[in-house]
1. May I ask you to list pairs of residues, at least six apart or on different chains, whose Cβ atoms are under 6 Å apart, with the first in the stretch 98-126 being assigned by TED's automatic domain parsing to the domain that holds T67 and the second being surrounded by 16 or more Cβ atoms within 10 Å (Cβ to Cβ) and of a type in the set (S, T, N, Q)?
2. State whether the residues of the stretch 68-77 include one that is in contact (Cβ under 8 Å) with a residue 24 or more places away in the chain and within 27 Å of V5 (Cβ to Cβ).
3. Taking the residues in the stretch 28-46 that are under 21 Å from the mean Cα position of the chain (by Cα) and surrounded by 10 or more Cβ atoms within 10 Å (Cβ to Cβ) as candidates, determine which candidate is farthest from D136 (Cα to Cα).
4. For the stretch 51-65: of the residues being among the charged types (D, E, K, R) and part of a loop (DSSP other than H, G, I, E, B), which is surrounded by the fewest Cβ atoms within 10 Å (Cβ to Cβ)?
5. Could you say whether any residue in the stretch 30-40 is part of a strand (DSSP E or B), outside the structural domain of D87 (by TED's automatic domain parsing) and closer than 21 Å to T82 by Cα?
Amino acid sequence: MADAVVVNLENGAVSEYIGMAGVNSAAHVNGVLYICDAAGIHVVDANDDNGSVIDAEIATGLSDMGTHFLKRIPDVWIGLRTTGAVDFVTLADELAERRYHVTTRDTFLREVRMKLDRGVRSRFWQFILRNRAGSDLQLSSITIEPQVLTRRVR
């Protein structure tokens, strides 16, 4: 369970923060994240949390991508910048989880193609991006072009 939940008012995205008990508000002003607790206002700008790596995860909702037919996902294009390794996870019908390793150490935004396993078919899909060992991660885009199969699931 998250200690703090933040909703982006522009796009409705929800962020959860763990290990921040006592935080009662947050604001992103001029590119700087501020949090408030009983002790005052704090700037969030560190690369670690008192020596511990900071885990990050970006997850989509479970989606049928607008069709009730089964789908295969042959590949995914991810636009990102990272300082280390990242895991890309697919979840098919909430059961079949596959993990793929994304490695790019470029300091500039790069689009990476992930070839996914061929045998996985599902109506519902979820996608998760996780940093490894606290690496910095900036996500720009995820492009998914499903192959819609003619078999319908009931």
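1. R98/T90; R110/T104; V112/T104
2. Within the stretch 68-77 (the criterion being in contact (Cβ under 8 Å) with a residue 24 or more places away in the chain and within 27 Å of V5 (Cβ to Cβ)), the answer is no, since none of the residues qualifies.
3. Taking the stretch 28-46 as the starting set, the residues that turn out to be under 21 Å from the mean Cα position of the chain (by Cα) are 28, 31-33, 44-46.
Within this subset, residues satisfying the condition of being surrounded by 10 or more Cβ atoms within 10 Å (Cβ to Cβ) are 28, 32-33, 44.
Details: H28: 18, V32: 16, L33: 16, V44: 14 Å.
In this case the residue turns out to be H28.
4. For the stretch 51-65, the residue satisfying everything is D55.
5. Our first condition is that a residue be part of a strand (DSSP E or B); within the stretch 30-40, this holds for 32-37, 40.
Remaining after also requiring outside the structural domain of D87 (by TED's automatic domain parsing): 32-37, 40.
From the residues that got through so far, the ones that are closer than 21 Å to T82 by Cα too are 32-33.
Within the stretch 30-40, one or more residues are part of a strand (DSSP E or B), outside the structural domain of D87 (by TED's automatic domain parsing) and closer than 21 Å to T82 by Cα.
The values are calculated or read from the model by the stated rules, or taken from the named source; none is laboratory data. These figures come from a predicted structure and were not determined experimentally. So basically every Cβ, Gly included, is an ideal-geometry build from the backbone, and we count neighbours across all protein chains shown.
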